[in-house]
Amino acid sequence: MSEPVAVKLTAKDFKSDQEVRWCPGCGDYAILAAIQQFMPELNIPRERTVFVSGIGCSSRFPYYMNTYGMHSIHGRAPAIATGLSVSRPDLSVWVVTGDGDALSIGGNHLIHALRRNVNLKILLFNNRIYGLTKGQYSPTSEVGKVTKSTPAGSADAPFNPLSLALGAEASFVGRTIDSDRKHLQSVLRAAAEHEGSAFVEIYQNCNIFNDGAFDQLKDPSTRDDYLIRLEHGQPITFGADGRFCVVHPPGGFGLEVRDTSSVRPEEIVVHDATVTDPAYAFALSRLPGLDLRNTPIGVFRSVDRPSYDSVVQAQLAAAKAKVTETPEQQLAGLLGSGDTWTIL
Amino acid sequence: MTKQIRQLDRVVIRFAGDSGDGMQLTGDRFTSETAQLGNDISTLPNFPAEIRAPAGTLPGVSSFQVHFADYDILTPGDAPNVLVAMNPAALKANLADLPRGADIIVNTDEFTKRNLAKVGYQSSPLDDDSLAGYVVHPVALTSMTVGALAAHEVSKKDAERSKNMFALGLLSWMYSRPYESTLRFLERKFAARPELVAANVAAFKAGWNFGETTEDFGVRYEVKPAKMKPGTYRNITGNAALSLGLVAAGVRSGLPVFLGAYPITPASDILHELSKHKRFGVITVQAEDEIAAVGAALGASYGGSLGVTTTSGPGVALKSETISLAVALELPLVIVDVQRAGPSTGMPTKTEQADLNMALYGRHGEAPVAVIAPRSPSDCFFAALEAARIALTYRTPVILLSDNYVANGSEPWLLPDVESLPDLRVEFATKPNGEDGTTFLPYLRDPETLARPWAIPGTAGLEHRIGGLEKADKTGDISYDPANHDFMVRTRAARIETIPVPDIEVEDPDGDARVLVLGWGSTYGPIGAACRGVRQRGLSIAQAHLRHLAPMPANLGEVLRSYDKVVIPEMNLGQLAHVIRARYLVDAISYNQVRGLPFTAAELETTLEEVLKNV
C-alpha cells in the first residue's frame, strides 16, 4: 500500500451534512462561513479538530462543522474541553460559546480555563441578548435595556468580556466582528497559532431580538470613526486619514483618544500585543464608550505562558521516564507497597 | 518483675484525645503493628470536621477505634475494652460507650481544673467514685514524655507533642505488638528532622518501658494471629483501596485514567492518592468546582480516557446535570460518591447511606445509570474495577456509592494477583459501520451490550457530532420525532436494566432460615456480625448483601419471596426498602439509624431477634 497522500482540504470539507437552523439573517451564518473557509489554512486534519459548545444559538455551531464535535450543556463547554484538551494534546480544541453561556451560567469555567491557560481557542459570539430563550437581557446588555424580562429596563451593569478575560490572566485576547470576514479570519489565525488559551470576542448581530446592536461599527458612514483596528507594531490611529489616535496621558492610569492633530507623533501609542503587563490590554479594552465609539478590534494581547496542557504532560512524561517495568509489574509493586505481611 | 501474660481472642481499643493530639496517627500505627502480627483487624476513625476545634472541648475530641482478633471479624467492635483518654474531654465523650470493667488509661497531666471545667466536670472523675466500675490507670503521660526527652534537642512543645508515641509505646507493650514498623515509619515521617525521629522513638520506648516496669500494669496480653488465607496482606482503608482499584482499571483497560475532582470530605484522599500515580499515566485535575470536575472527566472520556470524578453527596447534586449529559452521550464515566451525613453540609466527617435515592433517581428526565456499592474497605478496590468494567463495556455513567465508614475504616487485604484481575480492554471504533461502508452511525448499537461505538477524536473518517439534544436512533442526528424519543428513552433504560450482574448469594449456614436480612454497602460488617450472634444463640437467619443496586441481580425477587420476612437495615430512612417494596412487592421490614455512625452489631442482633420471635 502506498502512503496516504495529503489532500488539501477546502471549505466544503468542513461543512457537515446537517441543515443549518439559525434564523435567516443571523450573524452566525457569516461566522460559520468564515470559519469553514479558514479551517483548511491550519493544515490540521479534520479528525484532529474538535468543536465543543454549551447551550444557546451559537452553541449549535458544532453540528455544522464536519469535524468532531460536542454540543454539551449550558456554560460547561470550557470545563469539558479542558478534560479533552489536557488528556489529548494531539487535538485542536475549539470552544464556541455566547455571552449568556460564557459569562453568566459558565462564568466560573471561563475564567478558570483562562487562568490555567488550557490550550483552547474560545470563540465568544456576543450579541448582547439571550436569543434561544427568546429575548431576555444578557450579562453584556447595556444598563436600562428593555427586554422581555426587564420591561422597566435592566438594572444590571454589564460585563466587558475582554476586561474580564484579561483580569482572569488570559494570555491571548482579541475581538472581531461577524460581518468582516477578512478581519475575523486574521484574528482566528493569530488565535490558532497561540499556545494556550486564546479568547476571541466576536460581535454578532441577532437580527430578531437585538437587531443593529453593532451597526455603528458596520455602517460605512460611521465605522471608520468608531473602530480602532489594532495592528501590532503600528501607532494606534483611526478615523478618516487617521484623524484620531490613542495616547497614554502622563499621570493617568489608562489610554485616551485624542485628535491626532493635537498631539506630537511620538505621543501616539504604538500597539504591542506582547506587553507582559495586562494593564495595557486592559486599558485598550476600556476605550469604547456606551455608544461603541472607540471600539478596538484585533489582537489586544498575545503573550507567551506555558499552557496547562504542556505542564501536565511534562509531569506525566517525567514520571513515566523513570519506569522500566510493564504496567502490570508496576501495578503489582504498587499494590504490595507499604507495610505488608505474609501468611504461609 | 515478671508480668503475667494472658491470652485473649479479641480486643477493642479506642484512642481518644484532642484533635491536635495525633490520635488518628496513633491508631493507625497501632493498627499497622497489629496487622504485622497477623490478627484480623477492623478500624473506625471518628473525628470532627473542624481541623482544630477549641482545645480540650467535647467537639474537639478525635478518636480511633481498632478491633483485632485471632479469628475473622467483621466490624470495628461495638464497645471498647480499653479507652485511652488523653484529656477530660476525651474521657467524657467516650465513657458512655465503655462496658463496665473496661480499662481506662488517662493522661492525668491534662486533668487540670481548667480542662475539667471546660467539659463541665465539677470535680475530677479521677478523684471521686464515678469511675468505680472501671479499671483506671492514671498515667502522667505528658510529663513523663517531657521527662524522657530531657536530654533531647527538641522544644518543650515538640516534646509534649510526642506524648502520643508514649501512649502508643505503652499500648504496644500491653498487647505485645511488634514495633519495628513504627520505628521505620517515624524515620520516614521525620526524615527531614532527625531530632524529631530520635525524640519520637525515645517517647515510644519510654511508654513501652513504663509498661514493663510499673506495677500498675500487672498483666500483658496476647492475641494470637488469626487463621487467614495464605498470601501477602496489607492493611488498607477504603479510599486507598478505591484509588488503587482505579489505577488497576487503567492498567487492565490500557486506557489513561483521568480524574476530575474538587476537594470534599471524605473523598479528597482519593484525589491525593491518584495524584501520586502519574507514572501510570493517571491525570488528576483539581477543578474549579464540582461541575467542572465531572465535565472535565466527561471530556476526557470523550477523548478515550477512563473519566472519573470523586466527591460526596453535595458534589453529586452539583454534577447531576452533567451525569444526565453522559447518559445522553452514552460515554463511560465513573462517579464516586463517598457518602456522608446530610442534607446540606450535614456532618461531613460522619457516615450515612442516604444518597441511594439520589444515585438511582437524582437526575432530570429518564436518566438511568448503573449503581454499585462496596461492602468493606478492601472491597472498594474490586468495586472500583467493577464500576470501570460496566462504564467501559456498556458506555454508561456508573455511580459508586462508598461512604465515610468504609472510606476511612481499614482492614487487612489479601493482595490479589494482578493477572487475575478482570480484563477491561475495549475497542474503539476505527471504521465506518454503515451498510454502505462509508457512513458512520454513532448510535448504531452492539446487539449484545446495546453500547454504541466509542469513536474518539483523531479517528479519520468517523467525524461526528454528539450532544445533549435527543438523537435519532443509529444516525445520532438531532431528532424531535415522538416515536424516536419514546424508543430512545426505553433503549437507555434497557441498556442499564440488561447489564448482566452476578446473582445475589445468600448465606444461611443452617439452611432453614425463614428470615432474610438484606443490606447494601458498608452495613455488611455489622449485619454479618449480628447474624453470627443470632446463630450462636441457636437461631437461623439468612444474610444477603447487594453490591449492584442498578441493575439489581436477576434472582433477587425470587430470593426475597422465598423468605417469610425480609429485614433491611440501612443508615437512612429506608431508601433501599422503598425500592424493594416497589419493584418486588415484598413487605420488607425497614430498620433505620441515622446517627452518623455505623450500626453496632449488638443493636442489630437485638432487632433481628425481635423479628425472629414473631415469625
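The values are calculated or read from the model by the stated rules, or taken from the named source; none is laboratory data. All values derive from a computational prediction rather than experimental measurement. Using ideal geometry, Cβ is built from the backbone for each residue, glycine included, and neighbour counts are taken over all protein chains shown.
Based on this model, can you work out whether B:Ser253 counts as polar (S, T, N, Q), surrounded by 22 or more Cβ atoms within 10 Å (Cβ to Cβ) and over 18 Å from the mean Cα position of the chain (by Cα)? Yes. Checked against the criterion of being surrounded by 19 or more Cβ atoms within 10 Å (Cβ to Cβ) and either more than 20 Å from B:Ile390 (Cβ to Cβ) or within 13 Å of another protein chain (Cβ to nearest Cβ) (or both), the range B:443-451 contains not a single residue that satisfies it. Pairs are defined by a Cβ separation below 7 Å, a sequence spacing of at least 6 or placement on different chains, a first member in the range A:238-266 that is within 25 Å of A:Thr222 (Cα to Cα), and a second member that is among the polar types (S, T, N, Q); the pairs so defined are A:Gly242/A:Thr260; A:Arg243/A:Thr260; A:Phe244/A:Thr237; A:Phe244/A:Thr260; A:Cys245/A:Thr237; A:Cys245/A:Thr260; A:Val257/A:Asn294; A:Thr260/A:Thr237.
The condition (being outside any helix (DSSP H, G or I), small (Gly, Ala, Ser), free of Cβ contacts under 8 Å to residues at least 60 places away in the same chain and over 21 Å from B:Asp21 (Cα atoms)) is satisfied by just one residue among B:Ala150, B:Ala132: B:Ala132. Taking every residue in the range A:58-76 that is at positive phi and more than 7 Å from every other protein chain (Cβ to nearest Cβ) and pairing it with any residue that is assigned to a loop (DSSP other than H, G, I, E, B) and not aliphatic (A, V, I, L, M), at least 6 positions away or on another chain, the pairs with Cβ-Cβ distances below 9 Å are A:Gly75/A:Gly54; A:Gly75/A:Gly106.
Of B:Ser420, B:Ser320, B:Ser324, all but one fail to be of a type in the set (Gly, Ala, Ser), within 14 Å of chain A (Cβ to nearest Cβ), at negative phi and crowded, with 20+ Cβ neighbours inside 10 Å; the exception is B:Ser324. Scanning the range A:77-96 for residues that are over 16 Å from B:Glu288 (Cβ atoms), more than 7 Å from chain B (Cβ to nearest Cβ) and either buried (at least 23 other Cβ atoms within 10 Å of the Cβ) or without any contact (Cβ under 8 Å) to a residue 60 or more places away in the chain (or both) gives A:Val93, A:Trp94, A:Val96. For B:Gln36, the conditions (1) under 17 Å from B:Val106 (Cα atoms); (2) surrounded by fewer than 23 Cβ atoms within 10 Å (Cβ to Cβ); (3) in contact with a Pro (Cβ under 7 Å, 6 or more places away or on another chain) all hold with the exception of (1). Remark: B:Ala53 falls outside the filter, which requires a residue to be touching a residue at least 60 places away in the same chain (Cβ under 8 Å) and on the phi < 0 side of the Ramachandran plot. Quick check: is even one residue across the range B:465-472 touching a residue at least 24 places away in the same chain (Cβ under 8 Å), small (Gly, Ala, Ser) and out of contact with any strand residue (DSSP E or B) (no Cβ under 7 Å at 6 or more places or on another chain)? Checking the range B:465-472: at least one residue is touching a residue at least 24 places away in the same chain (Cβ under 8 Å), small (Gly, Ala, Ser) and out of contact with any strand residue (DSSP E or B) (no Cβ under 7 Å at 6 or more places or on another chain).
Please specify each residue of the range A:88-119 satisfying the condition of being touching a Pro at 6+ places or on another chain (Cβ under 8 Å) and β-branched (Val, Ile, Thr). A:Val95, A:Val96, A:Thr97, A:Val118, listed by residue number. Taken together, the residues in the range B:111-126 that are of a type in the set (Phe, Trp, Tyr) and more than 12 Å from B:Ala90 (Cα to Cα) amount to 1. All conditions but one from (1) of a type in the set (D, E, K, R); (2) in a helix (DSSP H, G or I); (3) within 20 Å of A:Leu32 (Cβ to Cβ) apply to A:Arg128; the one that does not is (2). Of the residues contained in the range B:218-226, none is found to be surrounded by 24 or more Cβ atoms within 10 Å (Cβ to Cβ), more than 14 Å from every other protein chain (Cβ to nearest Cβ) and farther than 19 Å from B:Phe166 by Cα.
Just one of the listed residues (B:Ile456, B:Ile466) is part of a strand (DSSP E or B), within 14 Å of chain A (Cβ to nearest Cβ) and modelled with pLDDT of 95 or more, and it is B:Ile466. Considering only residues that are of a type in the set (Val, Ile, Thr) and part of a strand (DSSP E or B), which ones fall in the range B:35-73? The answer is B:Ile41, B:Thr43, B:Val61, B:Val66. Counting only helices (runs of 4 or more DSSP H) wholly contained in the range B:504-597, the ones carrying 3 or more residues that are crowded, with 21+ Cβ neighbours inside 10 Å occupy B:524-536, B:575-584. For the structure I just gave you, tell me whether A:Val323 is within 11 Å of chain B (Cβ to nearest Cβ) and assigned to a helix (DSSP H, G or I). No: the conditions fail for A:Val323.
If you filter the range B:288-329 down to residues that are part of a loop (DSSP other than H, G, I, E, B) and touching a Pro at 6+ places or on another chain (Cβ under 9 Å), you find that the one that is nearest to A:Arg88 (Cα to Cα) is B:Gly303.
A search for C-beta distances below 6 Å between a residue of the range B:249-274 that is without any contact (Cβ under 8 Å) to a residue 60 or more places away in the chain and more than 10 Å from chain A (Cβ to nearest Cβ) and any residue that is in a loop (DSSP other than H, G, I, E, B) and surrounded by fewer than 24 Cβ atoms within 10 Å (Cβ to Cβ), counting only pairs 6+ apart in sequence or on different chains, returns B:Tyr262/B:Asp289. When residues of the range A:304-322 are filtered for being surrounded by fewer than 18 Cβ atoms within 10 Å (Cβ to Cβ) and either in contact with a Phe, Trp or Tyr (Cβ under 8 Å, 6 or more places away or on another chain) or in contact (Cβ under 8 Å) with a residue 24 or more places away in the chain (or both), how many remain? Number of matching residues: 5.
List, please: which pairs have Cβ atoms under 8 Å, are six or more places apart or on different chains, and start with a residue in the range A:12-27 that is assigned by TED's automatic domain parsing to the domain that holds A:Gly56 and modelled with pLDDT under 95 and end with one that is surrounded by 11 or more Cβ atoms within 10 Å (Cβ to Cβ) and β-branched (Val, Ile, Thr)? That search, which allows pairs on different chains as well, returns A:Gln18/B:Ile478. Taken together, the criteria exclude A:Val311 from residues that are outside any helix (DSSP H, G or I), among the β-branched types (Val, Ile, Thr) and within 14 Å of chain B (Cβ to nearest Cβ). Within the range B:187-207, being surrounded by fewer than 19 Cβ atoms within 10 Å (Cβ to Cβ) and within 10 Å of B:Phe166 (Cα to Cα) holds for one residue alone: B:Lys205.
Of the numbered criteria (1) more than 21 Å from B:Gly260 (Cα to Cα); (2) within 16 Å of the chain's Cα centre (by Cα); (3) away from chain B (no Cβ under 11 Å), the one A:Pro139 fails is (2). Residues of the range A:7-26 that are surrounded by 10 or more Cβ atoms within 10 Å (Cβ to Cβ) and β-branched (Val, Ile, Thr): A:Thr10, A:Val20.
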